[in-house]
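Since the structure comes first, as structure tokens, the remarks are kept for the end.
The values are calculated or read from the model by the stated rules, or taken from the named source; none is laboratory data. It should be emphasised that the depicted structure is a prediction, and the values quoted were computed from it without experimental measurement. No Cβ is skipped: glycine too gets one built from the backbone with ideal geometry, and neighbour counts run over all protein chains shown. These accessible areas exclude ligands, DNA and RNA; they are computed on the full protein's heavy atoms, side chains included. Shrake-Rupley method; radii C 1.70, N 1.55, O 1.52, S 1.80 Å.
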Amino acid sequence: MSDAQQERHSLLEDAQAILFGTVMIAFALNLFAHSQLLAGGAAGLALIGHYLSGLSVGTCFFVINLPFYYLGYRQLGLAFILRTIAAIACLSLLSDLTPRLAGFNRLDPLFASFLGDCLIGVGFIIFRHGSSLGGINILVLYLQKKHGISAGKVQLAIDSGILLAACFLIPWSAVLYSLLGAFLVNFLMIFNFKSSRYNGFS
């Protein structure tokens, strides 16, 4: 089915996907924080940059994202960047709010990795609504849209490299659990976000 024949998402459909997707991802990030696990993508790069340079994680995250925002604007459009900014704002707010609403008396790190990455894999529904969480997500979506390269495979390769580099900075057990989690979330992406199938049309 061509783009012209596809039914576009409404603004309400995009908004609900961004809201519910970021709710799940925010909860996953709090699982990781409680268990001292790592995420992949730009967040992982920002953390590594913080350890190596002494700059704040926020500063590193901002600097790392600059070229990706430009790429997203030039190659994927203004609407994509605006939806991405909305998703990042929601995720930031919900990540701070979640610890006030939920706590953990006992949380096994392996289970936290499994559940968290399942939630992230489902939360990436935002991709199908022309949005992302910035950073490497933009590069991954660009490569899939323009060159048909699997988003899951590219994300897996990048995340694996980031987490392996972190071996020198955090305990090996945390790296192992985080690496297994990266394989899980990208396994979900490979099976559910194929370029030959429905990608959303906003």
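Brief remarks follow.
- With respect to the conditions (1) modelled with pLDDT of 80 or more; (2) under 12 Å from the mean Cα position of the chain (by Cα), PHE114 falls short on a single one, namely (2).
- GLY181 falls short on exactly one of the conditions (1) part of a helix (DSSP H, G or I); (2) open to solvent by 50 Å² or more (accessible area, probe 1.4 Å); (3) at pLDDT 75 or above, and that condition is (2).
- Test: residue in the range 141-148 that is buried (at least 22 other Cβ atoms within 10 Å of the Cβ) and modelled with pLDDT under 75: yes
- Under the condition of being modelled with pLDDT of 75 or more and surrounded by 14 or more Cβ atoms within 10 Å (Cβ to Cβ), the residues counted in the range 167-178 number 5.
- Residue within the range 72-80 that is over 14 Å from the mean Cα position of the chain (by Cα), within 18 Å of ILE18 (Cβ to Cβ), modelled with pLDDT of 80 or more and open to solvent by 30 Å² or more (accessible area, probe 1.4 Å) present: yes
Residue-by-condition table, conditions (1) free of Cβ contacts under 8 Å to residues at least 12 places away in the same chain; (2) surrounded by fewer than 16 Cβ atoms within 10 Å (Cβ to Cβ):
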residue: THR98; (1), (2): no, no
residue: LEU101; (1), (2): yes, yes
residue: LEU107; (1), (2): no, yes
residue: PHE111; (1), (2): yes, yes
residue: VAL122; (1), (2): no, no
